[in-house]
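Shown next, in structure tokens, is the structure this report addresses.
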């Protein structure tokens, strides 16, 4: 798995989660999460799916196959989704212009 441990640590910290908190959600020990982040163990497919669900990313993203992050918009109205898409496009334009 390409950069799996680094991706996991990045996602966990961006969600403000400790290794112990993530371990609790996965029903594993804190040391198992540490092993994942240190590239000393590889998660089972079931754990990989749980991680994707917790962090709202695809398993392909976790495995380094897909580089784009996905945003879960389920439960939002069409108007809310349109607003998010407009915001994303505006940010892309801002970033591409160097402002």
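The values are calculated or read from the model by the stated rules, or taken from the named source; none is laboratory data. Treat the numbers as computed from the prediction; the structure is a model and nothing was measured. So basically every Cβ, Gly included, is an ideal-geometry build from the backbone, and we count neighbours across all protein chains shown.
Values computed for the structure shown
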read-out: Every pair of residues 6+ apart whose Cβ atoms lie under 6 Å, when the first sits in the range 1-27 and is in contact (Cβ under 8 Å) with a residue 60 or more places away in the chain while the second is in a loop (DSSP other than H, G, I, E, B); value: 1/63; 2/64; 3/64
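Yes/no per residue for (1) out of contact with any helix residue (DSSP H, G or I) (no Cβ under 9 Å at 6 or more places or on another chain); (2) at pLDDT 90 or above; (3) surrounded by 13 or more Cβ atoms within 10 Å (Cβ to Cβ):
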| site | (1), (2), (3) |
| --- | --- |
| 36 | no, yes, yes |
| 49 | no, yes, yes |
| 63 | no, no, yes |
| 69 | no, no, no |
| 78 | yes, yes, no |
| 81 | yes, no, yes |
| 94 | yes, no, no |
